[in-house]
1. If Ser139 satisfies every condition in (1) within 24 Å of Glu283 (Cα to Cα); (2) open to solvent by less than 100 Å² (accessible area, probe 1.4 Å) but one, which is the exception?
2. Look through region 238-256, keep the residues that are over 40 Å from the mean Cα position of the chain (by Cα) and farther than 22 Å from Glu224 by Cβ, and return whichever of them is surrounded by the fewest Cβ atoms within 10 Å (Cβ to Cβ).
3. Starting from region 238-261, take each residue that is closer than 10 Å to Leu197 by Cβ and list its partners that are open to solvent by 40 Å² or more (accessible area, probe 1.4 Å) and of a type in the set (Val, Ile, Thr), counting only C-beta distances under 8 angstrom and pairs at least six apart or across chains.
4. Kindly indicate whether any position in region 94-112 is part of a helix (DSSP H, G or I), free of Cβ contacts under 8 Å to residues at least 60 places away in the same chain and exposed (fewer than 10 other Cβ atoms within 10 Å of the Cβ).
5. Would region 164-182 turn up any residue that is modelled with pLDDT of 90 or more, surrounded by fewer than 18 Cβ atoms within 10 Å (Cβ to Cβ), within 22 Å of Gly248 (Cβ to Cβ) and of a type in the set (D, E, K, R)?
6. Only one residue in Ala79, Ala115 is open to solvent by less than 100 Å² (accessible area, probe 1.4 Å), of a type outside the set (Ser, Thr, Tyr) and modelled with pLDDT of 85 or more, so which one is that?
7. Restricting the search to region 257-270, which residues are open to solvent by less than 30 Å² (accessible area, probe 1.4 Å) and more than 19 Å from Ile135 (Cα to Cα)?
Amino acid sequence: MTTESVAPSPAGAPPAAPPTGPPTAPAAALPGPVAVPPAAPAGPAAPAPPANAERAPRRPRRPRPVLLLVSGLVLGTAAGGGIGYAIQSGRPPTPLPPLQVALPTYPSDVLDPAAAAAFAPPPLAIDGDLRKLLISPPSGSKPWDDYPETPSWITAGELAEHDAKAAAVFVELAAEGFRRAVEVDWQQNDLSVRVTLTQFAADFATSADRHNRRKDDLEPFAPEANGGYQMESRPGYWSETTEQYYLGRAVAQRGTVVMRVEVYGTRPVNAEVVRNIAKQQWERLV
C-alpha cells in the first residue's frame, strides 16, 4: 500500500488553521515515511498587555503660554533697547556743566559784635567745674559709708541708685538731657546729709523745671531762691530693710542746674538744719 507525498508549504505562508471540530482519535500509524511540513520562522512577538494594566503617564510638557510670555519679554526688551538707542543716537549731544562752580561771596561790611551776640544762644548761667560750687562737709563730720566725702563727679547711674526706683530714674535722666552731676555726703551726730548738683543740657531747660517739681508744697529757705524746703512727717524705710528714717529735703534751680539737699535722721529732723544747709549751697550758686 502506498501513500502520496505531501508537497511542502511555501515559505512565509500562514499556518493552517486548526480544525474547529471536536478532536478525533489519532489514526493508526501507517507504514512508510511520512512527510512533515517545515515550521514557519518564529519572529519576536510583543507580549500583549493585560486587560487591567494601567497606562504609563505621559511626560509633562511645558505650558505653551509660558514660553510665549518669556519670548515676548525677551523680544520686547531687545526691541525697546534698540529703539531707545536709535532715538538717543540721533539727538544732539548735551553739554556738561562746568566742573568749577562760582565761589560763595561774603559781605565786606564789618560784623557788629552786639548784633552777633543778640543772635547767639544765651550763655549758661552756671558753667565750669561744678565741684567748686559744692559746699564742704563741716568740721567734726565723718564719711557716710562709701559715698563721696569730698565734692566729686558722679554718673547718671550713681545718681539714680539713690532712689528706690533706680531703673526708672536712670531712664528719665537719660531722656531729659542729663549732662553732669556732682555730690558730697557726710554724717554728723545722728544725721546723714547728701548735697547734689545736677546739670541738664541747654536744649532741655524744661527738664530742670520738672526735676524742681512740687514747688508749691515747699517753704522758702531764701527770698531769692527758686525753690524751697519740706519736712516729711512720716518715716520712711531704707530699701530692702526694716530700718526707718525721717527726711528733710530742699530743692532749688538756677538755670540748668538743680540743687538738692537731703537730710536723713533716726528721729524727726530739725527744719533749721535743712534751711541752713540749703541757704549755704544756694549762696554758692548765685
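1. (2)
2. First, the residues of region 238-256 that are over 40 Å from the mean Cα position of the chain (by Cα): 242-250.
Filter once more, so that each one left must be farther than 22 Å from Glu224 by Cβ: 242-247.
On the way: Thr242: 6, Glu243: 10, Gln244: 12, Tyr245: 17, Tyr246: 18, Leu247: 18.
Out of the qualifying residues, it is Thr242.
3. Arg254/Val286
4. Residues of region 94-112 part of a helix (DSSP H, G or I): none.
No, the conditions are met nowhere in region 94-112.
5. The answer is no; no qualifying residue exists.
6. Details: Ala115 fails: modelled with pLDDT of 85 or more.
Of Ala79, Ala115, the one residue that is open to solvent by less than 100 Å² (accessible area, probe 1.4 Å), of a type outside the set (Ser, Thr, Tyr) and modelled with pLDDT of 85 or more is Ala79.
7. Answer for region 257-270, where residues must be open to solvent by less than 30 Å² (accessible area, probe 1.4 Å) and more than 19 Å from Ile135 (Cα to Cα): Gly265, Val269.
Conditions tested, residue by residue: (1) in contact with a strand residue (DSSP E or B) (Cβ under 9 Å, 6 or more places away or on another chain); (2) among the aliphatic types (A, V, I, L, M); (3) modelled with pLDDT under 90.
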{"residue": "Trp238", "(1), (2), (3)": "yes, no, yes"}
{"residue": "Val261", "(1), (2), (3)": "yes, yes, no"}
{"residue": "Gly265", "(1), (2), (3)": "yes, no, no"}
{"residue": "Val269", "(1), (2), (3)": "yes, yes, no"}
{"residue": "Trp282", "(1), (2), (3)": "yes, no, no"}
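The values are calculated or read from the model by the stated rules, or taken from the named source; none is laboratory data. This is a predicted model, so every value here is computed, not measured. Using ideal geometry, Cβ is built from the backbone for each residue, glycine included, and neighbour counts are taken over all protein chains shown. Side chains included, ligands, DNA and RNA excluded: accessible areas come from the protein's heavy atoms. Shrake-Rupley method; radii C 1.70, N 1.55, O 1.52, S 1.80 Å.
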